[in-house]
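The values are calculated or read from the model by the stated rules, or taken from the named source; none is laboratory data. Worth saying up front: this structure is predicted, and the values here are computed from it rather than measured. FYI the Cβ positions are ideal-geometry reconstructions off the backbone, even for glycines, and counts take in every protein chain you see. All accessible areas refer to the heavy atoms of the entire protein, side chains included, with ligands and DNA or RNA removed. Shrake-Rupley method; radii C 1.70, N 1.55, O 1.52, S 1.80 Å.
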Amino acid sequence: MKEKAIDGKVIRVLQGDITEQEVDAIVNAANSKLLGGGGVDGAIHRAGGGEIMKECDLIRKEQGGCPTGQAVATTAGKLSADYVIHTAGPVWTGGDRGEDYLLGSCHRESIRIAGEKGCISMAFPGISIGAYRFPTERAAGIAIETAAEELEKSSLEEVRFVLFDSKSYDIYAQALDKLEK
Ligand code: ADP
């Protein structure tokens, strides 16, 4: 585990399973239709149970889903968190279709919504670094820098990044080291 204090708040990077985190909100690397899928999305729906998809179905009916770069909150069902914040990360297609901006926006919007819900702590997986193939070093830099900027303005006290495999953990931990704060 690696952590850095920012104005009395903290960013942590750790290796583990996001569904087991004891935080107020966990972020899901969803798709824009909120239909569930493999990877971390599948793991969150399995562990949290059917209540989460029921709320995703409602959001899909009301607003069509969640555009890339945006985020929406649902219950966390059986998970220990109070909320799952679903964000649709960009698919990496070479970097010239606004992928960096959209990935930053996923983190900004998720942190903003967690703050609105009164959360004190939240956990992110590596958004877009799996099936969506965003280069991990680049994603880690954007994720950590955006979290640091937003944390300063937010009522949140902790933003945690939970990476499943040791290689991704090392890369996010290095990005936290590089953060100039
Ligand atoms: P995306 O489609 O946004 O790329 P993926 O779910 O394919 O999302 O992958 C994002 C990252 O989440 C990958 O590094 C994957 O290994 C990781 N992951 C998968 N399951 C879990 C889990 N239970 N907890 C934390 N991270 C997970």
Between a first residue in region 128-140 that is in a loop (DSSP other than H, G, I, E, B) and a second residue that is among the small types (Gly, Ala, Ser) and more than 7 Å from the ligand (Cβ to nearest atom), which pairs have beta carbons less than 6 Å apart while being 6 or more apart in sequence or on different chains?
-> Ser128/Ala139; Ile129/Ala139
Does Arg133 satisfy being in contact with a Lys or Arg (Cβ under 7 Å, 6 or more places away or on another chain) and of a type in the set (D, E, K, R)?
-> no
May I ask you to say which residue of Val23, Val40, Val84, Val27 is surrounded by 17 or more Cβ atoms within 10 Å (Cβ to Cβ), in a loop (DSSP other than H, G, I, E, B) and under 13 Å from the mean Cα position of the chain (by Cα)?
-> Val23
Test: Arg60 is within 15 Å of the ligand (Cβ to nearest atom) and among the basic types (Lys, Arg) | no
Residues of region 154-181 being touching a residue at least 12 places away in the same chain (Cβ under 8 Å) and open to solvent by 50 Å² or more (accessible area, probe 1.4 Å), which ones?
-> Ser155, Glu157, Phe164, Asp165, Ser166, Lys167, Gln174, Asp177, Lys178, Lys181
One residue from Ala123, Ala147 being away from the ligand (no atom under 14 Å from the Cβ), out of contact with any Cys (no Cβ under 7 Å at 6 or more places or on another chain) and touching a residue at least 60 places away in the same chain (Cβ under 8 Å) = Ala147
Which listed residue is open to solvent by 70 Å² or more (accessible area, probe 1.4 Å), within 18 Å of Glu3 (Cβ to Cβ) and in a helix (DSSP H, G or I), from Glu145, Glu150 | Glu145
Filtering region 43-76 for residues that are β-branched (Val, Ile, Thr) and in a loop (DSSP other than H, G, I, E, B) leaves a count of 1
Residue tally, condition under 16 Å from Gly118 (Cβ atoms) and aliphatic (A, V, I, L, M), over region 142-166 | 3
Any hit, region 153-164, residues being in contact with an Asp or Glu (Cβ under 9 Å, 6 or more places away or on another chain) and aromatic (Phe, Trp, Tyr) | yes
Kindly establish whether Arg97 is open to solvent by 40 Å² or more (accessible area, probe 1.4 Å), within 16 Å of the ligand (Cβ to nearest atom) and assigned to a strand (DSSP E or B).
-> no
Restricting the first residue to region 34-46 and requiring it to be without any contact (Cβ under 8 Å) to a residue 24 or more places away in the chain, which pairs with a second residue that is outside any helix (DSSP H, G or I) and more than 6 Å from the ligand (Cβ to nearest atom) meet a Cβ separation below 6 Å and a spacing of at least six or different chains?
-> Asp41/Asn28; Asp41/Ala30; His45/Gly36
Of the residues in region 1-20 that are within 11 Å of the ligand (Cβ to nearest atom) and part of a strand (DSSP E or B), the one that is nearest to Ala175 (Cα to Cα) is Leu14
Sole miss for Ile111 among (1) more than 13 Å from the ligand (Cβ to nearest atom); (2) of a type in the set (Val, Ile, Thr); (3) open to solvent by 50 Å² or more (accessible area, probe 1.4 Å) is condition (3)
